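A short worksheet on the structure shown next.
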Amino acid sequence: NLNFDGKSVEEQKLDYPDYRLHADDTEGRWYMPTCSSKYMANDDERSIGDIAEAYYAENSPVWVPAGESAPVPEVDGATLAQAAWDAVTIPTATISYNPMVGDVGATIVGMDTWVWATGDTPKEVQVTATAGSTTATITATASMLTLQSKDGTAKCTGFGIPWSEDNDAKGTDCLIVFDRSSAHFKDGVTPVDVKVSYAITYTATDGAAGTMDTHTTSTTTSIPVAEIQALNTIPTKQP
């Protein structure tokens with residue numbers, strides 16, 4: 001007789017170490033690892049069959065006497081890191097800006113508008129996960145905000161710094177200049193797309209190390225933009 005994977009019963013018994021020693025034990029249990037395609041990464045090009053075959057070759061069934069806990073499955077560092085990262089959610093960036101003029105806090109057309117990250121905008125995220133004897137650490141690092149608006153030109157090489165008189169002399173690494181007021185928008189504010197891209201690396205105690213695809217958070221915020229109107233007068237001759 002053959003089982004589902006083409007092995008005879010006698011061949012299948014060989015997959016269970018020292019099975020003869022437990023033949024008469026009706027209280028203990030065999031624990032065997034299993035693989036499921038639902039946990040595979042979307043970009044994993046391997047077949048579930050190849051993954052399972054490689055895993056089973058390194059992880060044999062284990063006999064556990066009655067009353068003892070089942071063993072914790074061993075997970076390789078790369079797989080553990082990916083699973084841990086898939087469970088992470090990085091919040092989108094929040095920003096503030098200067099100048100803020102009037103009741104609506106508007107910036108001005110043509111002026112350097114300082115922008116900086118606020119609140120829960122992380123520059124680095126680190127996650128550690130453990131499965132069995134393996135621990136993986138994943139680090140996501142970002143270096144700057146990315147701003148985009150159809151009515152403005154942005155220049156950011158960092159996360160910006162809050163404007164102050166002292167900082168004004170130092171300058172900022174993130175600003176945007178608007179070339180049009182918000183008057184043509186229905187809500188009277190100019191939408192600005194804000195993105196942060198994170199480079200991701202991981203290391204694990206089994207020696208695994210590497211990188212993952214860049215992760216980018218994206219949101220849209222609004223900044224009111226006003227235009228200063230100059231009044232031109234023509235001098236008249238005095239009699």
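The values are calculated or read from the model by the stated rules, or taken from the named source; none is laboratory data. Note that the structure is predicted; figures quoted are calculated from it, not measured. In this analysis, Cβ positions are derived from the backbone assuming ideal geometry, glycine residues included, and neighbour counts consider all displayed protein chains.
Put simply, of Thr153, Thr146 the only residue that is over 30 Å from Thr79 (Cβ atoms), surrounded by fewer than 15 Cβ atoms within 10 Å (Cβ to Cβ) and either out of contact with any Pro (no Cβ under 7 Å at 6 or more places or on another chain) or among the charged types (D, E, K, R) (or both) is Thr153.
Identify, from the list Thr153, Thr113, Thr146, Thr128, the residue that is assigned to a strand (DSSP E or B), out of contact with any helix residue (DSSP H, G or I) (no Cβ under 7 Å at 6 or more places or on another chain), under 19 Å from Met212 (Cα atoms) and modelled with pLDDT of 95 or more.
Thr128
In segment 45-59, what residues are surrounded by 13 or more Cβ atoms within 10 Å (Cβ to Cβ) and of a type outside the set (A, V, I, L, M)? Write out each step before concluding.
Quick first cut of segment 45-59, residues surrounded by 13 or more Cβ atoms within 10 Å (Cβ to Cβ) only: 48, 51-52, 54-56, 59.
Once the filter is applied, which keeps residues that are surrounded by 13 or more Cβ atoms within 10 Å (Cβ to Cβ) and of a type outside the set (A, V, I, L, M), segment 45-59 yields Tyr55, Tyr56, Asn59.
Pairs are defined by a Cβ separation below 7 Å, a sequence spacing of at least 6 or placement on different chains, a first member in segment 60-82 that is more than 25 Å from Thr205 (Cβ to Cβ), and a second member that is modelled with pLDDT of 85 or more and of a type in the set (D, E, K, R); the pairs so defined are Ala66/Glu27. Applying the set (1) touching a Phe, Trp or Tyr at 6+ places or on another chain (Cβ under 7 Å); (2) buried (at least 16 other Cβ atoms within 10 Å of the Cβ); (3) closer than 30 Å to Thr205 by Cα to Gly160 leaves exactly one unmet item: (3). Quick check on segment 38-51. Is at least one of its residues hydrophobic (A, V, I, L, M, F, W, C) and in contact with a Ser or Thr (Cβ under 8 Å, 6 or more places away or on another chain)? The answer is yes; a qualifying residue exists.
For segment 19-45, a residue qualifies if it is outside any loop (DSSP other than H, G, I, E, B) and over 30 Å from Met212 (Cβ atoms), and the qualifying residues are Tyr19, Arg20, Leu21, His22, Arg29, Trp30, Tyr31. Looking only at residues in segment 12-46 that are of a type in the set (Gly, Ala, Ser) and within 40 Å of the chain's Cα centre (by Cα), the one that is modelled with the lowest pLDDT is Ala41. Cβ-Cβ distances below 6 Å connect the following pairs, each with a first residue in segment 90-104 that is surrounded by 17 or more Cβ atoms within 10 Å (Cβ to Cβ), a second residue that is of a type outside the set (A, V, I, L, M) and not in a strand (DSSP E or B), and a separation of six or more residues or different chains: Ala93/Thr121; Asn98/Trp163.
Of all residues in segment 77-95, those being among the hydroxyl-bearing types (Ser, Thr, Tyr), assigned to a loop (DSSP other than H, G, I, E, B) and farther than 23 Å from Asp173 by Cα number 1.
Pick from Asp112, Asp168: which is exposed (fewer than 14 other Cβ atoms within 10 Å of the Cβ) and not basic (Lys, Arg)? Full working, then the answer.
Details: Asp112 fails: exposed (fewer than 14 other Cβ atoms within 10 Å of the Cβ).
Step by step, each of Asp112, Asp168 is checked, and only Asp168 is exposed (fewer than 14 other Cβ atoms within 10 Å of the Cβ) and not basic (Lys, Arg).
Cβ-Cβ distances below 8 Å connect the following pairs, each with a first residue in segment 208-221 that is assigned by TED's automatic domain parsing to the domain that holds Ala129, a second residue that is β-branched (Val, Ile, Thr) and assigned to a loop (DSSP other than H, G, I, E, B), and a separation of six or more residues or different chains: His215/Ile90; Thr217/Ile90; Thr217/Thr92; Ser218/Thr92; Thr219/Thr92. Only one of the numbered conditions (1) closer than 30 Å to Thr135 by Cβ; (2) within 17 Å of the chain's Cα centre (by Cα); (3) surrounded by 13 or more Cβ atoms within 10 Å (Cβ to Cβ) is violated by Ala204, and that is (2).
Just one of (1) exposed (fewer than 13 other Cβ atoms within 10 Å of the Cβ); (2) modelled with pLDDT of 95 or more; (3) more than 25 Å from Gly110 (Cα to Cα) fails for Pro235. It is (2).
Determine which member of the set Ile228, Ile176 is of a type in the set (Val, Ile, Thr) and not in a strand (DSSP E or B).
Numbers: Ile176 fails: not in a strand (DSSP E or B).
When all the criteria are applied, what remains is Ile228.
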